[in-house]
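Structure, as structure tokens:
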Amino acid sequence: MDAKLKGSPSFIWRSLWSSLGLLKEGLVQTPINTLDIETKVGALIDEDSNSWKIDLVETIFKEEEAKLICSIPISRSGASDRRIWASLERGNFSIKSAYFLETKLSNRSSGEPSTGGGNNSMWKDLWQLEVPAKAKLLIWKCLSNIRPTKDSLLRENIVESNLCPVCAREKETKVHVLWVCPAVADVWGGETSLFRKWKRFYPDFQQLWGEMTGKLNQESIELVVVLFYHIWARRNAYTFQTQFKNRATIVALAQADLSLLKEINLNSSNRAARSRGRGPSQSW
Ligand SMILES: [Zn+2]
């Protein structure tokens, strides 16, 4: 089936199309005969109960389409019609969320195991890592697009320039700070680096992360995550205090973090083993 918007589709269908197009590759043009061509999505929503008018949706759309439409969350504030993107919490469309969704769909349709590119296993990959919580949090924020950079702040009109404050050459995005910036080239491109032959450019952090979780073993990912944390901390220190740690310091800090965590985990598992060894009378 080819998903196409033929002729002059109605407003209602165009509004829903942006949410459904990716979700359902293969939808065919739905004839909407029941409503006027300029009818808006609001006509399908019961304002009192703030829910879809399921009977009406099912009358107009095919069964599968109706099911998809009724699965779209409805704004509680009664906002006026606008196109929403269901993959993001705030409903705004971004290439990243489309990438996530497409990866999810393609993995599902091909039956291949995930490489962490935006589906549930991406989060599972992250939460399973044995790294300090601060590093996990950074990755989570980067993947969720809630870690501000100059580029995101410029889009919100908070800063006047989106140039990376460290290299002052390119716009500062998450993937720029952590991977692309010439200032981190020595961290990733050293003689013995695993990443020496990796691409220098990724369009966004999610794609870089997807590749890392797909290609690296857990231990390497853990080191990368902690390095990311220290690279970001260095960027903050440079931005706010004009200090810049060198590569050796960044790597040493990352390794110290991992060793400390391993030691803490080892001690706590030894404690647990000791308390198990005391027998049932001690366990209370
Ligand atoms: Zn830079």
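Please treat every number below as a calculation from the coordinates, not as lab data. None of these values were measured; they are calculated from a predicted model. Virtual Cβ from ideal backbone geometry, glycine too; neighbours counted across all protein chains shown.
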Whose amide H sits under 5 Å from the amide H of Lys171, counting only residues 5 or more places off or on another chain, with H placed in the peptide plane? Cys164
Please list, ordered by chain and number, the residues whose modelled amide H lies under 5 Å from the amide H of Lys53; skip anything fewer than 5 residues away on the same chain. Ile45, Asp46
Give the order of Thr213, Thr239 when sorted by the count of other beta carbons within 10 angstrom, beginning with the fewest. Thr239, Thr213
Go ahead and collect, in residue order, the members of segment 139-177 whose backbone nitrogen is under 19 Å from a label point 7 Å along the Cα-Cβ direction of Glu211. 139, 142-144, 170-177
If r is the Cβ-Cβ distance from Ser259 to Arg169 and R0 is 45 Å, what FRET efficiency results, to the nearest 0.05? 0.80
Projected label distance in nm at Arg196 and Glu58, using a 7 Å step from Cα toward the beta-carbon: 6.4
Suppose R0 equals 30 Å; then what is the FRET efficiency for Gln128 and Asn236 from their Cβ-Cβ distance, rounded to the nearest 0.05? 0.65
So how far apart, in nm, are the two label points at Ala185 and Leu137 if each is 7 Å from Cα heading toward Cβ? 3.3
